[in-house]
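Note sheet for the following structure.
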Amino acid sequence: MLKHLLLFLLCFSPLFGSLFEERLSSATPGDYLVVEGGKMITLLSVRTITPNSLILEEISAPTQNLKQIPVSWKEWVASRAPGHTSWSAIEIERKTGEILECYSFSRATWIPVTSKESLIATLMQLPIQKVPDEKRKKIGPPPQAGEMDLRKPWQPAACFEGKSKERILCDVYETSWPDDGSPLSGNTIQLYFDRTSHFPLPLWIQIDATAASFSMKTLDAGQHLTSPHRTFPKRSAKFIRPPQKTKEGITLFVNFPKYFTQFDLYAIDTTEGEKQICSVTPSSMKKEAELLTLFIANVELENALEPNHRYTWMLCPKENASLFAETTASFMWEKPTPQ
């Protein structure tokens, strides 16, 4: 799946650079692109877009699994993409290009994608620039020595909503992969964008490697594609280890997905038959990746809790309180003895 994911990232992630406002801001839910390359067919669509994040959906199928190219890619998706081997959705923070979540519909599970695996952290930092017409790939053989080069820039053919179009005028943007030892190390990547329609996705991707040239041609592009997967599952917050009690207070350790930024912390009084909820303010907190560490000093505990009562902890993300975390084991709060 990660191999296909990398191809999909190559299609879209450079837009977070200088093309961000020009291209990504014009995208609308349902914009889609179907490309073929490396004996794989990949459909990429914009699932949702907000000022803060973007969710892309990717479906990949080996060319041998499709006996014939679908007449309608929308109908193919509506039929749950027969022949596909990978179907996933990925949420990206627009400001930084950071991957917030990746969920595989085909495997019914979340996929942990590190920056090394997805190469997204590197890709987001790559400079991208427009290729002048005189430096673009041309049509026909090169001129003889001393002759002027009067060849026209090469333009890709396109298909939109299943209808073929003549070769269209494109703007070409280029970037280079860093020397990181990966298969793409040092390669030049060119992306062709429709100059007239300002369609947000590239219509052709050219990767010029030292040993070979690899291209991804567009089979179709369009708008208003809908997914049969109505929801994009999100993970709940989760306490990942027992609270740590010291003479100074209590420390909590929570797995807090990146798409959550704020939370409310509660102590649930389980002493009586009817539970009582007490709001608690952490004295300090630290977040590294998805590990949220909260420290509640004794003074805060004394203000919120009743001595000799039993409590559990509950943390509710403000973005979605239903994805809360709660400790299973309770603890007895005893007021610390003055030293």
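Throughout, read-outs are computed from the coordinates displayed, never taken from laboratory work. Please read all numbers here as calculations on a predicted model, not as lab measurements. Ideal geometry is used to build each Cβ from the backbone, glycine not excepted, and the neighbour counts take in all protein chains shown.
Is the stretch 142-207 rounded, prolate or oblate when judged by the Cα gyration tensor, a ≥ b ≥ c being the square roots of its eigenvalues, rounded requiring a/c under 1.5 and prolate requiring a/b larger than b/c?
Taking the square roots of the gyration eigenvalues as a ≥ b ≥ c, the stretch 142-207 is oblate.
So who's got an amide H within less than 5 Å of the one on Ser53, skipping anything under 5 residues away but keeping other chains? H placed 1.01 Å off N, in plane.
Arg94
Determine, at each q value in 0.09 (inverse angstroms), the log₁₀ of I(q)/I(0) that the Debye formula gives when each Cα of the stretch 181-339 is one equal point scatterer.
Rounded to two decimals, the profile gives -0.54.
Each label point is 7 Å from the Cα along the Cα-to-Cβ direction; what then is the distance between the points at Ala321 and Lys138, in nm?
Once both label points are built, they end up 6.7 nm from each other.
As an exercise, use a Förster radius of 35 Å and the Cβ-Cβ distance of Thr63 and Thr109 to find the FRET efficiency, rounded to the nearest 0.05.
0.85
Over the stretch 232-288, how many percent of alpha carbon pairs lie in each 10 Å bin up to the one with the longest distance?
17, 46, 30, 7, 0
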